[in-house]
Each structure stands twice: as structure tokens, then as C-alpha cells.
Amino acid sequence: MITPKIKALFQFIEYLHSNIDNFNQYNGLIQELEQLDIERNQLKPENNYKDKLQYNKVQAELESKFKILQNSTADLIKAKSKKLNVCNFDNEPNYSFNGIETEIRQLKENFSQKDLSKIFKYKSLYLEYRSQTHGTFLSLQLFFNDLDRTVKSLFDYFKDTEQDEFEPFETKAIQVNSIAEAIQGFKQGQTKFIVPTPMNESKARILNNLACFNFFQIYFDTDTGKVKNNKSILTPENWEQHKEKFFTQRIATYKDSYTLPEKIKLELSALEKLPQDNVDYEILKARYKAYLEQENALPPQPIDENQNRTKRVIAETFENMDKKGWQYAFANEQDYNLFTDLLTNFFEYNDYSIPEKAIQLKRGCKTKLAKALGEIHKELSNENKLTNDTEYFKLIGALSHFERENQNDLYKALTR
């Protein structure tokens, strides 16, 4: 019997197979990335300013093209897997296939004649996909390793020969005579190499060169889960806006049993291990180090956890309000910070003063902003229902688009 989780897996396989041609159009981009990596590795930025300038140029191009590759391949694959609930990516690179292994065992024990045609169909689709596309897209090697093992545990049972049908693309340890030989095999995209000494330098360098790019990113919580987009990338320009969210998300990756000072110590260690990179990332590393050291020096304050949650909910709601984030509604960062401080103090029961002059908003933002304000109240209000929360309506009246609205109209706007 084909159970729901097996059916979802088959739908995912069908999605992969239907995108073979789409994904393969980026094989040339993968080759460009590998060539950029080779060029970057030949430079000596620590020895000469010309090399440093070229190093930064190549690194910027590498990051830009890597982002295009991920947006067009790996990110789509992960999004589809999440949508079908095939795989849980919360603890990458430790992937969970949501208990499908149990249903695979049940299918092998209780399959029917009717099931066989579907099983053979999707086995063929999966083998074709894995044999005809790049194996990793430079970021999904561990995911596909685990997916191969999971899928093989099902399909390998339903075969008519002793041939290992997964052999062409399974990870295998192959002794080679040179790194060049290993890189050539890696470029073919069909066989993954594990080279004991030295390891696959081409892939290792690419991942190393992108270490800072991958480290300094944040995600946003949406209805479909945690997502990253163009606004996820940290820069010196948006550091102040996102530093608290970044710190909170980084700290959350450690075990709950670790104390905050222990987590900060691990973060400082991780920061030290990041490779030397362009000027922007060197500035971010210095700023984050200073932030961590400041956090470590602060005495424990039990209320901080609640305050951080309040600020996080407010910031994330405004961020998800529109693709422009808070800038969709607020004229400048000063006004945005003023209003978020008002909201934070309101929900934390701290003193606050509503400004005499209304905070000016951009035109055309009223509907989305009202919806966001309703969501914030729903998430953070512990006592009052919105319809009775007169003080909240007064606070919203500090915004230019709402200053002349009566309470009934405000309620309708926030719940529309």
C-alpha cells in the first residue's frame, strides 16, 4: 500500500525529474564558479595590493554567481521538499525524512500487485534524474547522500537483477593520483569523490571562500517555514538593523543545555575560524566580535528573553509586511526605530510617551501596515482582546495614516 509519506516522496521525485533540463542549464555556471575558485586561489592578497583588489573582485563575482546557482537549483529543491514535508531542514546538515523509513519497511512487507507499477515508475524517474544532473549544485551533497540512502532502501528491494543501480552516483572513496584527477571527476557531476589526502580541494576551496557569505545571513519566519531571501544577506549598511536577529538566530543553533557565556565562547571561536575575506566581511567580523564581547560582559537579566522575543516578533512582522520590509511604510530608520520602541515598551508594560507630532508614513502603505499591526497585537497581547484595547489604538494613532481614525475604524482596518 502506498502510504501518504511514500506518495509525497514520489511527488518529490516527479518534481526532480521534471526539472532535469531546467537544472542542467546551470552546468555552465557551475564550471564558471570552479574556474573563479581556481583564479582566486592563485592570488596572494596578503602580499600585494593588486592581488587584493583582484581577490575582492573575484570573490564578489563568485558570491553573486553562487547565489544565482542556489536560487535556481538548490533553493528550489529544498523548498519543494519542505512543501511536501519530505525532509526537515531545521538541523542542517542532519536531515530528517520525517519517519518515512517506517513506512518504507511497511510497504516492503505489505505491497500489492497494484503498487508495483508505481514503484518501478518512480524508481526509473529517480535513477534518470540522479544520472543526468549535477550531483550537488555545490551545496546539496549531504542532502542527496541521505536521500539516496533513503530511496535506495525502498527501490533496491524491488529489482530483478543483482546490479547496484545506485552505483553511478553514490558517494564512494576513490584513491586518485592527483588533485587534478579528483577535480576532473568532480566536474563531471556523476561521481562524488572522497579523497583521503588531500581532500577534494576544488569543492573545499569554494565552500571555504563562501564561508563568510554563508555565515552572515539571517532567515525570516513565514507561513511556510524559515526562508532566506535577498534581505537575508548582512552588510555593514544593514548590520545595525539586523544584528539582534542575527545574534538570536546564531545562539539558537546551540544546545539548550549550554549557558549563554558558553554559547558566546563557541561563537567567538567560530568567528575566529572564518577565513580572511573582503573588507565588508572583515568589518562585519569585527562588529560581531565586539557585539559578542559586549553581550558576554552584561550581567544576566531574566527579562531579556521576553524583550528579545517582543522585538523579534515586531521586527519580523514588519519585515514580512512587504518585500521592502519596514521601508515600505516608514520614511526613515529613525521613525521606524521610534515606533518599534513604542510597541516594545507597550507590550513589555514599560513607560512610554506618544509623540506630539504624528510619525509620517509613506503613501499607499495603510492596508498592509494595518494588517501587520493587527498580527503584532494578536501575537504579543497577553490580556486584552483587540476590540477592547483602547491604549493600543491610541498608540497606533501616533502614525500619520491613523491619527484621525476612530476606534471602530481602526479595529476594522487591523482585522480586515
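Can you spot a residue in the stretch 309-325 that is acidic (Asp, Glu) and in contact with a strand residue (DSSP E or B) (Cβ under 8 Å, 6 or more places away or on another chain)? Within the stretch 309-325 (the criterion being acidic (Asp, Glu) and in contact with a strand residue (DSSP E or B) (Cβ under 8 Å, 6 or more places away or on another chain)), the answer is yes, since at least one residue qualifies. Based on what the data block shows, is Leu154 in the same structural domain as Ser124 (by the TED database), at pLDDT below 85 and surrounded by 14 or more Cβ atoms within 10 Å (Cβ to Cβ)? When the stated conditions are applied, Leu154 does not pass them. Between Glu92, Glu128, Glu101, Glu162, the distinction of being modelled with pLDDT under 90, out of contact with any strand residue (DSSP E or B) (no Cβ under 8 Å at 6 or more places or on another chain), under 28 Å from Lys65 (Cα atoms) and among the acidic types (Asp, Glu) belongs to Glu92 only.
Listed conditions (1) part of a helix (DSSP H, G or I); (2) of a type outside the set (D, E, K, R); (3) under 30 Å from the mean Cα position of the chain (by Cα) are all met by Leu138, apart from (1).
Would you call Gln190 assigned to a loop (DSSP other than H, G, I, E, B), modelled with pLDDT of 70 or more, over 21 Å from the mean Cα position of the chain (by Cα) and outside the structural domain of Ala79 (by the TED database)? Against the criterion (assigned to a loop (DSSP other than H, G, I, E, B), modelled with pLDDT of 70 or more, over 21 Å from the mean Cα position of the chain (by Cα) and outside the structural domain of Ala79 (by the TED database)), Gln190 does not qualify.
Of the listed requirements (1) over 30 Å from Gln35 (Cβ atoms); (2) in contact with a Phe, Trp or Tyr (Cβ under 6 Å, 6 or more places away or on another chain); (3) small (Gly, Ala, Ser), Ser96 misses just one: (2). Here Asn85 fulfils each of the conditions (1) assigned to a loop (DSSP other than H, G, I, E, B); (2) of a type in the set (S, T, N, Q); (3) in contact (Cβ under 8 Å) with a residue 60 or more places away in the chain; (4) under 30 Å from Glu282 (Cβ atoms) apart from (4).
Residue count for the stretch 89-146, restricted to those that are polar (S, T, N, Q), exposed (fewer than 14 other Cβ atoms within 10 Å of the Cβ) and under 30 Å from Gln31 (Cβ atoms): 0. When only residues in the stretch 397-409 that are touching a helix residue (DSSP H, G or I) at 6+ places or on another chain (Cβ under 6 Å) and free of Cβ contacts under 8 Å to residues at least 40 places away in the same chain count, which is nearest to Lys366 (Cα to Cα)? Taking the candidates together, the pick is Phe402. Of the helices (runs of 4 or more DSSP H) lying entirely inside the stretch 207-317, those containing at least 1 residues that are modelled with pLDDT under 80 and among the small types (Gly, Ala, Ser) are 211-215, 279-297.
Per-residue answers, yes or no, for (1) at pLDDT 90 or above; (2) loosely packed, with under 13 Cβ neighbours inside 10 Å; (3) acidic (Asp, Glu):
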| position | (1), (2), (3) |
| --- | --- |
| Asn22 | yes, yes, no |
| Asp37 | no, no, yes |
| Arg40 | no, no, no |
| Leu43 | no, no, no |
| Ser72 | yes, no, no |
| Ala79 | yes, no, no |
| Val86 | yes, no, no |
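Within the stretch 1-57, the set of residues being under 30 Å from Val86 (Cβ atoms), among the hydrophobic types (A, V, I, L, M, F, W, C) and either in a loop (DSSP other than H, G, I, E, B) or free of Cβ contacts under 8 Å to residues at least 40 places away in the same chain (or both) comprises Met1, Ile2. For Ala315, the stated conditions hold: it is buried (at least 19 other Cβ atoms within 10 Å of the Cβ) and at negative phi.
The values are calculated or read from the model by the stated rules, or taken from the named source; none is laboratory data. On a predicted model such as this, the values are computed, not experimentally measured, just so you know. Reconstructed Cβ throughout: ideal geometry from the backbone, glycine too, with neighbour counts over all protein chains shown.
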